1. Any idea which of 279, 293, 305 is under 17 Å from the mean Cα position of the chain (by Cα), of a type in the set (Lys, Arg) and over 23 Å from residue 228 (Cβ atoms)?
2. Run down 248, 226, 263 and say which single residue is β-branched (Val, Ile, Thr), farther than 21 Å from residue 302 by Cα and either touching a Pro at 6+ places or on another chain (Cβ under 9 Å) or buried (at least 18 other Cβ atoms within 10 Å of the Cβ) (or both).
3. What number of residues within the stretch 239-284 satisfy the criterion of being out of contact with any Cys (no Cβ under 6 Å at 6 or more places or on another chain), part of a loop (DSSP other than H, G, I, E, B) and under 20 Å from residue 93 (Cβ atoms)?
4. With the requirement that a residue be crowded, with 16+ Cβ neighbours inside 10 Å and β-branched (Val, Ile, Thr), what does the stretch 41-55 give you?
5. Filter the stretch 157-200 down to the residues that are polar (S, T, N, Q) and farther than 20 Å from residue 279 by Cβ, then identify the one that is most open to solvent (accessible area, probe 1.4 Å).
6. Kindly establish whether residue 213 is outside any helix (DSSP H, G or I) and free of Cβ contacts under 8 Å to residues at least 12 places away in the same chain.
7. Which residue is surrounded by the most Cβ atoms within 10 Å (Cβ to Cβ), if the candidates are limited to the stretch 13-40 and must be closer than 16 Å to residue 100 by Cα and over 14 Å from the mean Cα position of the chain (by Cα)?
8. Would you mention how many residues in the stretch 291-339 are open to solvent by less than 50 Å² (accessible area, probe 1.4 Å) and under 28 Å from residue 97 (Cα atoms)?
Amino acid sequence: MRWKKTLQLIDVHCEGEIGKVITSGVLNIPGATMLDKMNYINEVDDSLRRLVMFEPRGCLQMSANLLLPPTVPEAHAGFIVLQADKAHPMSGSNCICVVTALLETGMITMQEPETTVVLDTPAGLVTAVATCLDGRCVSVSLDMVPAFAEHLDREFEIPGFGLIKADIAFGGVYYALIDVEQINMDIEPNNARALASYGVDFCHYINQQIQVQHPLLPQINDIAYVMFRQRVEGKTWRTCTTLPPGRVDRSPCGTGSSANLSVLDARGELEIGDVLTSRSTINGEFKIELRGRTQVGDKLAVLPRVTGRAWVYGIQQLGVDPDDPLSAGFMLSDTWGPALS
């Protein structure tokens, strides 16, 4: 065996959504901030993302989280979310995976009953409080970056559907939040394939019809995902975030649920201290608390706290043989749909 590159990963899932954590093999990525580093991956060199995400080493139904040294002194660690289409600035489920891996592998010392971990992300600092018992990270509460609603009930022309209303909101990335009843469907496992396809198509058409830009982070300037939602009762919602090139988030989606929190607050439905329940397609749950309000540039914003669980289920080592013709990875349309550019 001869490898020109070696990576070690911790296998973790958060309510069914795989968020592997790259713990060694990458010293650093060029850039002064975590956002700069993410942009370097997306704009200059995405070979690492392709290596871990694409076949034959990766698969569509996962993310990989690249651990990096923090760029600010108040953070314990930094990380960037790698997914099938590109690197992304933030993800609640992946953040929960990262905290769980850091504590349960001893990279950060676990304190019982609670351990606080501050993470440097491209979207800003995220403070996590992990509930710990008998050496296990039982749950993780994330003080997410401020979330805000940009447009309520904005209409978009979607081929085959006509006008569809969406709320545009930021929860770590930008979302188009769509009530699933508009397309005469329910959020349930049997509809996952159709919802995934519709969501990716809708996201493409919505990005053609609207421009967004974070007031403090101008490089975050597109709608990343469509999240279908369905009110179950009161403050309980079923959520289905759709990801390129066509799959659904297995978790209830922390950033999308934070965006939904900001929309409900903008509509006057919430008070400080209220807690939403976000329930995934496979019935995993996050609790989303409105812990306060703030301002982001000229935007009124909310301060979400997302609580969820993750489990470590393995340790993986990846290597690249210098003669391997598939070291750059590949996609086939039987699984991945149309190739990503």
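1. Numbers: 279 fails: over 23 Å from residue 228 (Cβ atoms); 293 fails: under 17 Å from the mean Cα position of the chain (by Cα).
The unique qualifying residue is 305.
2. None of the other options fit; the residue is 248.
3. The first filter runs over the stretch 239-284 and keeps only residues out of contact with any Cys (no Cβ under 6 Å at 6 or more places or on another chain), leaving 240, 242-247, 249-250, 252-280, 282-284.
If we keep only those that are part of a loop (DSSP other than H, G, I, E, B) too, we end up with 244-246, 249-250, 252-253, 267-274, 280, 282-284.
Narrowing the set further to residues that are under 20 Å from residue 93 (Cβ atoms) leaves 244-246, 249-250, 252-253, 280, 282-284.
Residues that pass the stated criteria total 11.
4. Matches in the stretch 41-55: 41, 52.
5. Here is the first cut: in the stretch 157-200, the residues polar (S, T, N, Q) are 182, 184, 190-191, 197.
Filter once more, so that each one left must be farther than 20 Å from residue 279 by Cβ: 184, 197.
Details: 184: 143, 197: 50 Å².
For the stretch 157-200, the residue satisfying everything is 184.
6. Numbers: outside any helix (DSSP H, G or I): yes; free of Cβ contacts under 8 Å to residues at least 12 places away in the same chain: yes.
The answer is yes for residue 213.
7. Within the stretch 13-40, the first condition is being closer than 16 Å to residue 100 by Cα, and the residues that meet it are 13-23.
In the following step, the residues that additionally are over 14 Å from the mean Cα position of the chain (by Cα) were identified as 22-23.
Numbers: 22: 23, 23: 19.
Among residues in the stretch 13-40 that are closer than 16 Å to residue 100 by Cα and over 14 Å from the mean Cα position of the chain (by Cα), the one surrounded by the most Cβ atoms within 10 Å (Cβ to Cβ) is 22.
8. Within the stretch 291-339, residues that are open to solvent by less than 50 Å² (accessible area, probe 1.4 Å) and under 28 Å from residue 97 (Cα atoms) number 20.
The values are calculated or read from the model by the stated rules, or taken from the named source; none is laboratory data. Small disclaimer: the values here were computed from a predicted structure and weren't measured. Positions of Cβ are backbone-derived with ideal geometry, glycine not excepted, and every protein chain shown enters the neighbour counts. Heads up: the accessible areas ignore ligands, DNA and RNA and are worked out on the full protein's heavy atoms, side chains in. Shrake-Rupley method; radii C 1.70, N 1.55, O 1.52, S 1.80 Å.
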